[in-house]
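Notes follow the structure.
No lab work stands behind these numbers, since they all come straight from the coordinates. Owing to the predicted nature of the structure, the values given are computational and were not obtained by experimental measurement. When we count neighbours, we look across all protein chains shown, and the Cβ atoms used for this are built from the backbone with ideal geometry, even at glycine.
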Amino acid sequence: MSRLRTLIERAAIPVEESFFEKIEQYKALLAKWNKIHNLTGAKSADQIDDFIVDALFPITFLPPLKTAMDIGTGAGFPGMVLAIALPATRFTLVEPLSKRASFLQFVKADLGLSNVEVKALRAEQLPSAPYDLVTSRAVTDTKMLMKLSEPFCVPGTLLLFYKGERVYDEVDETLDYKVIEAENRHYLLIKR
């Protein structure tokens with residue numbers, strides 16, 4: 001059994017069997033592209049597996065979603081990984097750096113992900129549109145993420161920000177939020 005499968009099962013993350021084949025394709029593409037384009041700071045296969053589990057963990061507490069946007073997707077964490085795991089959810093991956101956006105577009109095509117749309121723009125450049133979920137990992141502080149997310153929120157939109165332990169320093173107590181703590185990550189879930 002692969003290390004990644006073991007980690008996913010240990011974390012009780014519900015994914016379809018087809019996920020494992022696609023995520024292995026994604027990992028192979030990431031390893032290949034990362035050598036040339038330096039897409040992510042993760043250099044080892046174990047680090048990539050850890051990033052994938054980190055991206056997937058919110059599946060354990062999120063409701064079913066029709067639409068999701070990931071701001072600053074980078075090499076695919078968490079947006080592309082979530083899109084692979086949640087084929088019934090339409091994902092918009094927002095990544096302004098052209099080499100990363102090109103990689104995401106290549107992964108979309110190679111894996112046949114019809115539920116993914118890649119936008120090679122900054123979030124501020126996109127037209128306003130409602131989403132069920134807006135995610136972001138390692139982009140900026142919570143206050144700025146809230147501002148960037150505003151054009152994509154309607155009542156009931158969930159904001160999911162992947163944060164470290166200092167998340168409590170960034171949270172406005174007037175918000176409808178909860179923090180889900182995992183081993184190496186704090187997930188800030190805000191309801192609009």
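Quick check: is even one residue across segment 21-36 surrounded by 15 or more Cβ atoms within 10 Å (Cβ to Cβ) and among the acidic types (D, E)? The answer is no, given that none of the residues of segment 21-36 is surrounded by 15 or more Cβ atoms within 10 Å (Cβ to Cβ) and among the acidic types (D, E).
Taken over segment 121-139, the criterion of being within 30 Å of E165 (Cα to Cα) and either in a strand (DSSP E or B) or without any contact (Cβ under 8 Å) to a residue 40 or more places away in the chain (or both) is satisfied by L121, R122, E124, L133, V134, T135, S136, R137.
Every test in (1) touching a residue at least 24 places away in the same chain (Cβ under 8 Å); (2) in a loop (DSSP other than H, G, I, E, B) is passed by G41 save one, and that test is (1). Residues in segment 57-91 that are touching a strand residue (DSSP E or B) at 6+ places or on another chain (Cβ under 6 Å) and crowded, with 23+ Cβ neighbours inside 10 Å: A68, M69, D70, I71, T73, F77, P78, G79, A83, F91.
Looking at D54, D49 in this structure, which one is surrounded by 15 or more Cβ atoms within 10 Å (Cβ to Cβ), closer than 24 Å to L158 by Cβ and of a type in the set (D, E, K, R)?
Working: D49 fails: closer than 24 Å to L158 by Cβ.
On inspection, the qualifying residue turns out to be D54.
Under the condition of being surrounded by fewer than 16 Cβ atoms within 10 Å (Cβ to Cβ) and either among the acidic types (D, E) or in a loop (DSSP other than H, G, I, E, B) (or both), the residues counted in segment 99-114 number 3.
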